[in-house]
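The values are calculated or read from the model by the stated rules, or taken from the named source; none is laboratory data. The shown structure was predicted, so the numbers you read here are calculated from the model rather than taken from an experiment. For neighbour counting, all protein chains shown are included, and Cβ atoms are generated from backbone atoms with ideal geometry for every residue, glycine included.
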Amino acid sequence: MSRVRAFERVRVAHASDVPVGRALSVSVHGVLVAIWRIGDGFHALEDRCPHAGSALHDGELDGCVVRCPLHGWDFDVRTGFRPGQPDGFPIPGFRVRREGDLLLLDWPLRGNED
């Protein structure tokens, strides 16, 4: 039996606030989230490197991979995984929906953890 996860849509920014190839950091329910714009797409991860807690939105983006500015760990902003390590522990990611110029995140509701 599969579990259905419940989400709320949270308005976080305007698409025009996120420069192409760069990130914007926003706070959602007390959690910092980085939103990257890659081409016409938007990707969001928790804005915290698991190694030493550095803000990933300050990291250098190369294609779809951001490099932590503190110690150089890299993460795919589409998946949260480190490149070449798909069985590791990813950074939590959030689906970004675009409605016109608005960006909304699918934010998991409490009590819906698997």
If we keep only residues of the stretch 1-17 that are of a type in the set (A, V, I, L, M, F, W, C) and either modelled with pLDDT of 95 or more or exposed (fewer than 11 other Cβ atoms within 10 Å of the Cβ) (or both), then the residue farthest from His71 (Cα to Cα) is Met1
Regarding Ala23, is this residue surrounded by 14 or more Cβ atoms within 10 Å (Cβ to Cβ), small (Gly, Ala, Ser) and farther than 17 Å from Pro92 by Cβ? no
